[in-house]
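Right, one structure below, let's go through it.
The values are calculated or read from the model by the stated rules, or taken from the named source; none is laboratory data. Since this is a predicted model, take the numbers as computed values, not measurements. Don't worry about glycine lacking a Cβ; one is built from the backbone with ideal geometry, like all the others, and counts go over all protein chains shown.
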Amino acid sequence: MSWHADDALLEHYAAGTLDDARAFSLETHLLACEECRARTAPLADHARVETVWADVHELVDAPRRTPVERILVRLGVRDHIARLLAATPSLTLPWLAAVALCLAFAVVASRESDRGIAVFLALAPLLPLAGVAAAYGPWLDPTYEIGLAAPLRTFSLLLLRSSIVLLTTTVLTGVAALALPNVDSRAAAWLLPALGLVLVSVALTTWISAERAFGGVASCWIGVVIVARATSGDVYAAFDAPAQAAFATAAAVAAIVLAWRLKTFEAEREA
């Protein structure tokens, strides 16, 4: 080392009164100079160092659990899995608030006419689909790379996230359905379409990108609702008995495909 920091420079640095440019330069020097580090140590405010270290320890080694994470842990989910699930973008409060707001507008519209109820039924299956889509890729998920390295199969993590998002969104939508005027069997007509759309989308992600899978399925759903209404003249045509049977069949087939594609999907993700 060709130079060493003088005492005055080290004192200003320890006191926090050194300007940023010289502080950064000195820190770079301290990384490589054992002598200057030894001269700096006695000058440090040890109480402040302990406080900073305690804060670092709390954030890194003992981070605070979010409400969602605490609920998952109480339900018996392991800590590391609960953390990955709680980080799902579609389980955050802003996302859930946005879902609740969309449902509130749909319920208000449903009170105006039967067409409004049809709009609610058409929107309801898209919300779980959007939530699962947000849990499926690097464009929104801040823990995407961490999830790939998690101590469980990637596909298992994706299915866990999808299941929890589907359950959460379904509960919110179910509560909103109870606010529909003249609640009857139609209030639950969105359940099978929602399940079918989500399972078909997840199955497609084993072949194509999540963006294309979820976007394509959502577009197809909107098209089905519009065409069914136009050809039959019935605003509930996409939710009648034959349609419900078709969605139940699609959900069953998609579940079989997911089980069949499991090993192939894992191999492709690890490649």
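List of remarks:
- Residues in the stretch 182-203 that are under 12 Å from Q244 (Cβ atoms) and at pLDDT below 80: 2 in all.
Results for (1) under 21 Å from the mean Cα position of the chain (by Cα); (2) surrounded by fewer than 17 Cβ atoms within 10 Å (Cβ to Cβ), shown as yes or no for each residue.
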site	(1), (2)
R161	yes, no
L180	no, no
L197	yes, no
S201	yes, no
V225	no, no
A246	no, yes
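- Residue check for A179: modelled with pLDDT of 90 or more and out of contact with any Cys (no Cβ under 9 Å at 6 or more places or on another chain): no
- Selected residue (criterion: farthest from L191 (Cα to Cα)) from residues of the stretch 227-244 that are surrounded by 15 or more Cβ atoms within 10 Å (Cβ to Cβ) and small (G, A, S): A228
- Residues (part of a helix (DSSP H, G or I) and either within 23 Å of A251 (Cα to Cα) or free of Cβ contacts under 8 Å to residues at least 60 places away in the same chain (or both)) located in the stretch 176-195: A177, S185, R186, A187, A188, L191, L192, P193, A194, L195
- Single match in L121, L84 (criterion: surrounded by 13 or more Cβ atoms within 10 Å (Cβ to Cβ) and either over 30 Å from R161 (Cα atoms) or at pLDDT 75 or above (or both)): L121
- Comparison of A248, A241, A252 shows that the only residue that is under 25 Å from A176 (Cα atoms) and at pLDDT 90 or above is A248.
- Among (1) at pLDDT below 90; (2) in a helix (DSSP H, G or I); (3) surrounded by 14 or more Cβ atoms within 10 Å (Cβ to Cβ); (4) not basic (K, R) - the single one T206 does not satisfy: (2)
- Yes/no for R48 being part of a helix (DSSP H, G or I), basic (K, R), at pLDDT 70 or above and surrounded by 12 or more Cβ atoms within 10 Å (Cβ to Cβ): no
- Of A218, A228, A213, all but one fail to be farther than 23 Å from A118 by Cβ and assigned to a helix (DSSP H, G or I); the exception is A213.
- Considering residues of the stretch 1-14 that are part of a helix (DSSP H, G or I) and free of Cβ contacts under 8 Å to residues at least 12 places away in the same chain only, the residue farthest from the chain's Cα centre (by Cα): A8
- Unmet requirement for T40, which otherwise passes all of (1) at pLDDT below 75; (2) over 30 Å from I164 (Cβ atoms): (1)
- The conditions of being under 23 Å from A246 (Cβ atoms), assigned by TED's automatic domain parsing to the domain that holds A237 and out of contact with any Gly (no Cβ under 7 Å at 6 or more places or on another chain) are met by T173.
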